[in-house]
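A short worksheet on the structure shown next.
The values are calculated or read from the model by the stated rules, or taken from the named source; none is laboratory data. Nothing here was measured: the structure is a model prediction, and the numbers come from that model. A quick note on method: Cβ atoms are made from the backbone with ideal geometry, for glycine too, and the neighbour counts reach across all protein chains shown. Calculation scope for accessible area: heavy atoms of the full protein, side chains included, ligands and nucleic acids excluded. Shrake-Rupley method; radii C 1.70, N 1.55, O 1.52, S 1.80 Å.
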Amino acid sequence: ERGITSTVVIATSTSGERELVTTISEGLDAKIWDLPAMRCAATLTGHRERVTCVVCASNVVFTGSVDRTIRVWSLLQNGECVAVLRGHTDSITALAVDTAAIWLASGAHDGSIRIWHVPARTCTAIFGESRNAGLATAAFPRCLVMDETRSHLYCGLQNGELQLWNLHQHLVTVKRPS
């Protein structure tokens with residue numbers, strides 16, 4: 001399919017009996033692919049600037065963008081955008097979600113990590129701002145992984161540091177590269 005360039009990010013999901021893959025390239029949209037049929041099942045459009053990251057869980061796809069928003073797409077509604085999450089002051093650089101798609105973590109070029117309660121569409125915690133020790137604005141999240149218990153978030157920063165956030169106590173452990 002035309003439009004996929006040198007940068008491709010892939011997230012996998014299942015929706016009912018369908019095996020799906022979501023890809024982003026260097027454009028304004030994401031594509032959901034039906035694997036057995038090897039065809040594009042839906043194109044997710046709505047971001048005003050380049051899509052930078054994607055993650056899937058349950059029947060939901062999340063995309064982050066240079067436009068500082070996170071869009072929530074329902075696979076049960078043929079890829080319809082069901083919410084737009086706003087709060088970061090710079091490009092979204094990383095996303096992580098729990099397996100039930102209840103909690104979402106987002107990292108941004110502004111140096112912050114936000115924790116979102118997806119059903120309520122609200123930000124419940126912000127890490128990396130002046131009131132929370134941890135991230136410096138010179139170092140921003142490049143990848144996020146939430147553990148299965150939703151109690152810890154692993155954050156890889158663009159400067160090579162690894163951070164482990166305790167989401168209940170808002171504490172961070174930093175491992176600097178040697």
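Annotations
- Breaking point among (1) modelled with pLDDT under 95; (2) open to solvent by less than 60 Å² (accessible area, probe 1.4 Å), for R131: (2)
- Test: residue in segment 92-101 that is under 23 Å from D34 (Cα atoms), part of a strand (DSSP E or B) and either small (G, A, S) or open to solvent by less than 10 Å² (accessible area, probe 1.4 Å) (or both): yes
- Contact map, segment 60-71: first residue under 12 Å from T45 (Cα atoms) and open to solvent by 30 Å² or more (accessible area, probe 1.4 Å), second residue modelled with pLDDT of 95 or more and assigned to a strand (DSSP E or B), Cβ cut-off under 6 Å, separation 6 or more or different chains; pairs are R71/T63; R71/C81; R71/V84.
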